[in-house]
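One structure is given here, and the rest of the page talks about it.
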2 protein chains.
Amino acid sequence: MSPSSAEIRRAVLSQEGDVAALFDELRAGSLDPVGPGVTRDTFGAGEQFGYRVIERVARGLGLEQKYDHAANLFMTLPGRDRGRPRIMMGSHLDSVGNGGNFDGAAGVVAGLVAMGALKALGILPACDVTTMAIRAEESVWFEVSYIGSRSAFGVLPDGALEAKRTDTGRPLAEHMAECGADVDAVRRRVASLSARDIAAWVEVHIEQAPQLIEAGLSVAVGTGVPGNFRYPEINIHGEWAHVGLPRRFRHDAVLAASDFALGLDEIWKAADAAKRPMAFTIGRFYSDAREHALTKVAGLMTLSLDVRAYDKAHLIDLEAQVLALARDIERNRGVRVDLGKRASADVAPSNPQLMHALTEAAGAIGIPTMPLASPASHDTATFTVAGVPSCMLFVRNANGSHNPHEAMEISDFLDTASVLTQWLVGAVHE
Amino acid sequence: MSPSSAEIRRAVLSQEGDVAALFDELRAGSLDPVGPGVTRDTFGAGEQFGYRVIERVARGLGLEQKYDHAANLFMTLPGRDRGRPRIMMGSHLDSVGNGGNFDGAAGVVAGLVAMGALKALGILPACDVTTMAIRAEESVWFEVSYIGSRSAFGVLPDGALEAKRTDTGRPLAEHMAECGADVDAVRRRVASLSARDIAAWVEVHIEQAPQLIEAGLSVAVGTGVPGNFRYPEINIHGEWAHVGLPRRFRHDAVLAASDFALGLDEIWKAADAAKRPMAFTIGRFYSDAREHALTKVAGLMTLSLDVRAYDKAHLIDLEAQVLALARDIERNRGVRVDLGKRASADVAPSNPQLMHALTEAAGAIGIPTMPLASPASHDTATFTVAGVPSCMLFVRNANGSHNPHEAMEISDFLDTASVLTQWLVGAVHE
């Protein structure tokens, strides 16, 4: 007989103390050496620390543990029929530099809490249930998206292994090898995951915006992960000049870059007005520190650009607008806009049946939810694009993420884990 | 009997070979270690090298040489009546980093050429004639204006000696002492120059814009040096956030800084349309390199601002507009604009009689000139503000200045030196 929602809820809430202690342990062991935040650097010491802690928790739950060729960790509760497509949960363990403690780790812990609840409820699942602790989701480090999950599916793009970590300047291949990965297998695009072996993927993640706070809800069901196009290093070449140069002779890279930033802001305003969700971010924006000075007109500005949206046609249209904007600026300011390398990721809408099942589960356990289009990138996109029925659950979170002030309440986390567990019990029970 | 214009012209042109060799020597000895340009760092090795070369030339001309407490060099051809107010010429010997060879040095060489011509013409001047090689004009190094000339007049502002050189991080006092200055005398505001002892000051300088190229002339007579106000380090504090944050929640420092840059550009456009000459320069413009990333909304932008104009009322009006712009941006973007320290310099119009005399001298020697409002800063402003009748002569120059491609033709330099000499002969002959 299936456990009641009240029993499921208790099986989750009873883990509150362990969960709080686990998050504290993760934070304490990965504090940034300078800032007040957490640094679990991708394929570095911070991420490695996270794996050591999570391994110990998985051992405590008696789960099977396996690392794949890309050093992703799979923690499995074996099912009755091990040949059936399994159910997977999880998220990534790395963080941005001086970031928050919950972005990524919360999804791994949520999977472990759900599996712990299954065990506590004495459920032998019909199929294997696996929580995956994914490597290298944060693209700030290597400026490559979804390194861990794409390696698992054997779809890491060409050249990624040669990408240099922005702080160390050393290539991904070297960092991976140091963390126990089989770089040669990654290069040969060995796959540790295949869509036909996965019945569903659910990723729990903190919300990076205050939309749940606005709505007064603790949990949201994701509608999909946006696709994006990125130009990590755009160089705008103007002309270095003396402060004494009259306006008509200037080719000022600072003004050209400002035109670019505000032109993009206008594009976003128009999309918002048309209710077409998107986001653009110029994360880096700087004059050349070797040359710039108080009394010199700047001849070079460097910037990064990330643009994201939820449908392919919109992305294509946005990119055309960005290119047209760059051409206008070249003409108006007499500068050259060198867009540099381009990267992109496909849009990844959630599986409608899975969205529905998660929403129903939330209703059954008495936790109201809302659908949420979150413009962030997530490994879930890799699963969706590979053909796995996928969805996300978002946890209410104050102060955004990718910063030290990220602030998820444990009670909101437990609400989300309860929804996840309620759904999981239904999915594995026969 | 006074020499003819033709004789004066010949006395200048005959120095062509020496002048070309001297500029080549200055360039060769102060090449930037990395860039293709010249680095004569203020109170550092590059500037010191310039002094060694100029001292040798002055010795060759048999001039009296004297360093003052601020290590400025005075090279004097004694006059018949040494008690009379003297005539002074000159400019500075330092350069920006990886800059050009002529910005500054050309004015010192022009003074020496004019004095060499006096000697060659056998003229014993009625009063002393002095070429001054001024220290530390380029404010990129210590972010303090006119260090050498203001020290000479005993008006260096409070705190300047503690200003740190932007590259070495060491204070001005230390750098000055290493170059032989008497820092204690500078601190006590000893003066080596006094307006009542100076009949006139003329500074030759390359033009930093292509206005003479547009006009097809080799020489211009300056109408004045603009005053300025500066905010060397403005910090715009937004909020660091995740790339997933919707537009309505963002406080993006990059966009706020772009608003600031383009708001200033609009102010300049309006002033140009109203024929009120001015200039603004945001020389430095950067997101925080320790924190910024491809997928983070920037929470901090830092920028420098220099605004200059030719009349005091205009400067006051411009500063009010800048402050209003900053307040608007704070309100519109939900950011905080911290303007930081402020510095300023008074406007310094040329002496009308001296402008007239220089224009007349140019006509007499057959070199057409134009009046020119150049928005750059020059030590001449210090002389003007102190009450010395002052004016500048600008030499046609391609590619602007403060960059390695600065390109003054020697023939244009000799035209300017001819005008200077023609005027000087008239001024010292009785």
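The values are calculated or read from the model by the stated rules, or taken from the named source; none is laboratory data. Nothing here was measured: the structure is a model prediction, and the numbers come from that model. In this analysis, Cβ positions are derived from the backbone assuming ideal geometry, glycine residues included, and neighbour counts consider all displayed protein chains. Areas reflect the complete protein model, heavy atoms only, side chains present, ligands, DNA and RNA absent. Shrake-Rupley method; radii C 1.70, N 1.55, O 1.52, S 1.80 Å.
Accessible surface for B:Glu233 stands near 100 Å², nearest 10, in the context of the full protein assembly shown (1.4 Å probe). Chains B and A together bury roughly 5400 Å² of accessible surface, counting both sides and using a 1.4 Å probe on protein heavy atoms.
Karplus-based coupling profile of the stretch B:261-272, in residue order and whole Hz: 4, 6, x, 5, 4, 5, 4, 5, 3, 5, 5, 4, with θ = phi - 60° in 6.51 cos²θ - 1.76 cosθ + 1.60 and x standing for Gly or Pro. Per the Debye formula on identical point scatterers at the alpha carbon atoms of the protein assembly as shown, with no solvent, log10 I(q)/I(0) at q = 0.06, 0.09, 0.10 Å⁻¹ is -0.52, -0.86, -0.98. Which of the three applies to the stretch A:382-430, rounded, prolate or oblate, going by the alpha-carbon gyration tensor with a ≥ b ≥ c and a/c under 1.5 meaning rounded? Oblate shape, in that a/c is at least 1.5 and b/c is the bigger or equal ratio.
Across peptide B:295-304, the mean count of Cβ atoms from other chains lying within 10 Å of each residue's own Cβ comes to 6. Taking the C-alpha atoms only, the angle from helix A:352-364 to the longest principal axis of chain A is near 60 degrees.
The B:Asp24 and B:Gln65 beta-carbon pair, evaluated with R₀ = 25 Å, returns a calculated FRET efficiency of approximately 0.65. Rounded to the nearest 20, the size of the Cβ-charge dipole of chain A about its Cα centre is 640 debye, with Lys and Arg at +1 and Asp and Glu at -1. The residues A:Ser192, B:Ser418, sorted by heavy-atom accessible surface at 1.4 Å with ligands and nucleic acids left out, run A:Ser192, B:Ser418 from largest to smallest. Taking A:Ser411, A:Ser151, A:Ser91 as the candidate residues, the one with maximal mean-square fluctuation in a Gaussian network model of chain A, Cα springs under 10 Å, is A:Ser411. The accessible area of B:Glu16, taken with all protein chains in place and a 1.4 Å probe, comes to roughly 90 Å².
About the centre of its Cα atoms, the stretch A:228-345 shows a dipole size close to 80 debye [charges on the beta carbon of Lys, Arg (+1) and Asp, Glu (-1) only; nearest 20 debye]. Antiparallel DSSP bridges in the protein assembly as shown: what percent, to the nearest 5? Beta bridges within the protein assembly as shown, antiparallel portion: roughly 70 percent.
Of the candidates A:Ile282, A:Ile147, A:Ile54, which one comes out as most mobile in a Gaussian network treatment of chain A with C-alpha springs shorter than 10 Å? Maximum fluctuation in the GNM of chain A, among the listed residues, is at A:Ile282. Under a model in which nothing but the beta-carbon of Lys, Arg (+1) and Asp, Glu (-1) is charged, the protein assembly as shown shows a dipole of about 280 debye around its Cα centre. Relative to the other identical copies, B:Arg52 shows label-point distances of 5.6 nm, where the label point lies 7 Å from Cα along the Cβ direction and values run shortest first. Between the residues B:Pro78, B:Tyr67, B:Gly44, the greatest Cα displacement towards the positive end of the dipole of the stretch B:43-91, with unit charges on the Cβ of Lys, Arg, Asp and Glu, is found for B:Pro78.
Projecting 7 Å from Cα along the Cα-to-Cβ direction, the label point of A:Glu266 sits 1.2 nm from its equivalents in the other copies, listed shortest first. Averaged over the residues of peptide A:203-209, the number of Cβ atoms from other protein chains lying within 10 Å of each residue's Cβ is 3.
Let's test this: bin the Cα-Cα distances of chain A at 10 Å from zero up to the farthest pair and state each bin's percent. Per 10 Å bin, starting at zero, the Cα-Cα P(r) for chain A comes out as 5, 21, 30, 24, 12, 5, 2, 0, 0 percent. Take each residue in B:252-260, count the other chain C-beta atoms within 10 Å of its C-beta, and the mean is 6.
Taking the label point 7 Å along Cα→Cβ, A:Leu339 and its counterparts in the other copies are spaced 4.0 nm apart, in ascending order.
Counting only DSSP beta bridges with both residues in chain B, the antiparallel share comes to about 70 percent. Rounded to the nearest angstrom and listed largest first, the equivalent-ellipsoid semi-axes of the stretch A:228-345 from its Cα gyration tensor are 29, 14, 11. Each listed q (0.18, 0.30, 0.31 Å⁻¹) maps to a log10 I(q)/I(0) for the stretch A:70-116, found by the Debye formula over equal Cα scatterers with no solvent: -0.65, -1.16, -1.18. Shape call for the stretch B:220-292 from the C-alpha gyration tensor, a ≥ b ≥ c root eigenvalues: rounded (a/c under 1.5), prolate (a/b greater than b/c) or oblate? Prolate, since a/c reaches 1.5 and a/b exceeds b/c. For the peptides B:117-124, A:136-143, A:245-252, the ranking by mean Cβ contacts within 10 Å, running from highest to lowest, is A:136-143, A:245-252, B:117-124. When chain B is treated as a Gaussian network with alpha carbon springs shorter than 10 Å, the biggest mean-square fluctuation among B:Gly400, B:Gly37, B:Gly340 belongs to B:Gly340. When the pairs B:Lys164/B:Lys341; A:Lys275/A:Lys312; B:Lys66/B:Lys164 are compared against a 20 Å limit on Cα-Cα distance, B:Lys66/B:Lys164 fall above it.
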